[in-house]
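*Asks:* Have a look at the structure that comes next, please.
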Amino acid sequence: MSSPVWHPFTQHGLKEPIPLVERAEGALLYCADGSTLIDGISSWWVTTHGHCHPRIAAAIAEQAGRLDQLIFAAHTHEPAETVARELVDLAPEGLTRVFFSDSGSTSVEVALKMALGYWHRRGEPRHRILVLEHGYHGDTIGAMSVGERGVFNRRYEPLLFDVGTIPFPAEGREQATLDALERACTAPDKPAAFIAEPLVLGAGGMLVYSAAVLTEMAAICRRHDVLWIADEVMTGWGRTGTLFAVEQAGVAPDILCVAKGLTGGALPLAATLASEPIFQAHWSNDRADMFYHSSSYTANPIACAAAKANTQIWREEDVLGRIGALARDIGDHLETLSAHPAFSNPRQLGTIAAVDLKTGDTGYLSDIAPALRAFFLERQLLLRPLGNILYVMPPYCTTNEQLDRLFGAIAEAGDRFG
Ligand code: PLP
């Protein structure tokens, strides 16, 4: 019998090869068939310092033998307390409260519920959410609702709520974005919040926009008393060259979503950070007004121990130095690749780099994507293009030789498919 496993974002009917990975170290995945893959996308943008980082692995092992799970309603434990304090300390000023959950999507659901709760308790109920065109925030119903409508969520459209979409601030079109946001914030149907991925839209196509626009967008929200939710699920933990991308715009959101690299990528854990007024709006002695959200594994102690080890690594090691060096190496490789006639629109922010393969076959459902995946797999590389958009987002320990192989194969793909 074939495997009973039903994989995410996988069309089993295509019968694509599904590598069986046995172990991992650094930027490498070791497969059962003896092959070794370079993880060019940090296993879905998750692994930051490298796979099986010894400090994180040791913290997980130690915590697993001490306290494995604890109901988090009105109970607490040291790793959660430490991580929450660390997050408040590391995050932009003004984010004073930390609500744990277990995936990026859930951190977004929590953010949306906090925003609605805030306006309700202020006696001014608001429901409308503004989103950025091409945004992606996860695959649960609320997260899909605030994401770009298209192939990822088309089938579930009847379950999704309406949002106001602000055009993406492409270079040269920034003013149109700002004007649209200003109009939406001042419309009679006052929005509760504006949610956006800061500086890079990930699943929407690794689309980069300027920090100056982000600064302006945040200012418009503040001016018109609309909450601003920064979804740093992908951009957080150094991906864009700073710990959080919003730092580059010099702005602090009202709500910040983090996940993926929060544990260095070793275990599922997410957090939604909120400003004090948002917490205080839910504070009273009336049980009807508490924040109605939980999941069984909220702030799981083992995941929190991994996150604690991650924040210690950030504190004690020169992670930003490592990211800077990797970003420079990626930049050099991207510059060489930019001269290749098969590619257009080279872009980079920190350790994220992308190019568009010039082809008539574009979009997430293009036939080129599975063909490219197979091409890279044959070369023992884990790269997973978004349609005709080829990108790298490797762990921070990736060597220049490993980058040579990743970018060499992308150039070769340009020769073959461009
Ligand atoms: N938000 C952003 C910006 C993401 O890139 C993702 C996942 O890629 C999510 C939310 C959803 O996170 P998760 O897959 O952990 O639910």
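Values quoted throughout were computed directly from the atomic coordinates according to the rules given, and no laboratory measurement underlies them. Here the structure is a predicted model, which is why all the values come from computation and not from measurement. For neighbour counting, all protein chains shown are included, and Cβ atoms are generated from backbone atoms with ideal geometry for every residue, glycine included.
*Asks:* Looking only at segment 204-216, filter to residues that are buried (at least 19 other Cβ atoms within 10 Å of the Cβ) and in a loop (DSSP other than H, G, I, E, B); which one of those is farthest from the ligand (Cβ to nearest atom)?
*Replies:* The qualifying residue farthest from the ligand (Cβ to nearest atom) is Tyr209.
*Asks:* Go through segment 26-51 and give me each residue that's surrounded by 15 or more Cβ atoms within 10 Å (Cβ to Cβ) and in a loop (DSSP other than H, G, I, E, B).
*Replies:* Selection gives Ala27, Gly40, Ile41, Val46, Thr47, Thr48, His49, Gly50.
*Asks:* What tally of residues in segment 227-263 results from selecting those that are within 15 Å of the ligand (Cβ to nearest atom) and assigned to a helix (DSSP H, G or I)?
*Replies:* Residues meeting the conditions: 6.
*Asks:* Test each condition in (1) within 15 Å of the ligand (Cβ to nearest atom); (2) farther than 20 Å from Ile352 by Cα; (3) among the hydrophobic types (A, V, I, L, M, F, W, C) for Phe291 and report the one that comes out false.
*Replies:* (1)
*Asks:* Filter segment 20-56 down to residues that are of a type in the set (A, V, I, L, M, F, W, C) and within 19 Å of Val392 (Cα to Cα), then give me how many there are.
*Replies:* Final tally of qualifying residues: 10.
*Asks:* From Leu381, Leu334, which residue is under 25 Å from Cys31 (Cα atoms) and not acidic (Asp, Glu)? Please lay out each step first, then the result.
*Replies:* On the way: Leu334 fails: under 25 Å from Cys31 (Cα atoms).
One residue alone meets the criteria, Leu381.
*Asks:* Filter segment 170-203 down to the residues that are surrounded by fewer than 23 Cβ atoms within 10 Å (Cβ to Cβ), over 17 Å from the mean Cα position of the chain (by Cα) and within 23 Å of Met234 (Cα to Cα) and list them by number.
*Replies:* Across segment 170-203, the qualifying residues are Ala170, Glu171, Glu174, Thr177.
*Asks:* Moving on. Just give me the residues in segment 116-151 being away from the ligand (no atom under 16 Å from the Cβ) and in a helix (DSSP H, G or I), in sequence order.
*Replies:* If the condition is that a residue be away from the ligand (no atom under 16 Å from the Cβ) and in a helix (DSSP H, G or I), then Leu116, Gly117, Tyr118, Trp119, His120, Arg121 are the ones that fit.
*Asks:* Hey, among Gly13, Gly34, which residue is under 23 Å from Ala409 (Cα atoms) and away from the ligand (no atom under 16 Å from the Cβ)?
*Replies:* On the way: Gly13 fails: under 23 Å from Ala409 (Cα atoms).
Step by step, each of Gly13, Gly34 is checked, and only Gly34 is under 23 Å from Ala409 (Cα atoms) and away from the ligand (no atom under 16 Å from the Cβ).
*Asks:* Within segment 321-374, can you find the residues that are farther than 25 Å from Asn400 by Cβ and without any contact (Cβ under 8 Å) to a residue 12 or more places away in the chain?
*Replies:* Selection gives Gly360, Asp367.
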